[in-house]
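Step one of this worksheet: look at the structure below.
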Amino acid sequence: MSTAETELRFMTLAEAAAVLQISKRTILRMIQKGQVPALKVGGQWRIRESQLRRWAEDRESVPAPFERN
């Protein structure tokens, strides 16, 4: 698969949720809050695979906030 084709591959909510190991409902909430980049195509949410990968990589490099017990 060429780089251009990879850049244009879109995922459904179910596919993106499976990759992140979260529920479809959770990823939908994250999209609605603007936390995950997505767009609507024909009334259905789609997430560009390359953007989801970049988004996840960006989150990996940010240290988790300190939590008190």
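For residue 55, all conditions in the list (1) at pLDDT 95 or above; (2) surrounded by 10 or more Cβ atoms within 10 Å (Cβ to Cβ) hold save one; what is the number of the exception?
Status for residue 55: all satisfied but (1).
Looking only at the stretch 1-18, filter to residues that are modelled with pLDDT of 95 or more and assigned to a helix (DSSP H, G or I); which one of those is farthest from residue 58 (Cα to Cα)?
14
The values are calculated or read from the model by the stated rules, or taken from the named source; none is laboratory data. Predicted model only: the values in this text are computed from it and were never measured. In this analysis, Cβ positions are derived from the backbone assuming ideal geometry, glycine residues included, and neighbour counts consider all displayed protein chains.
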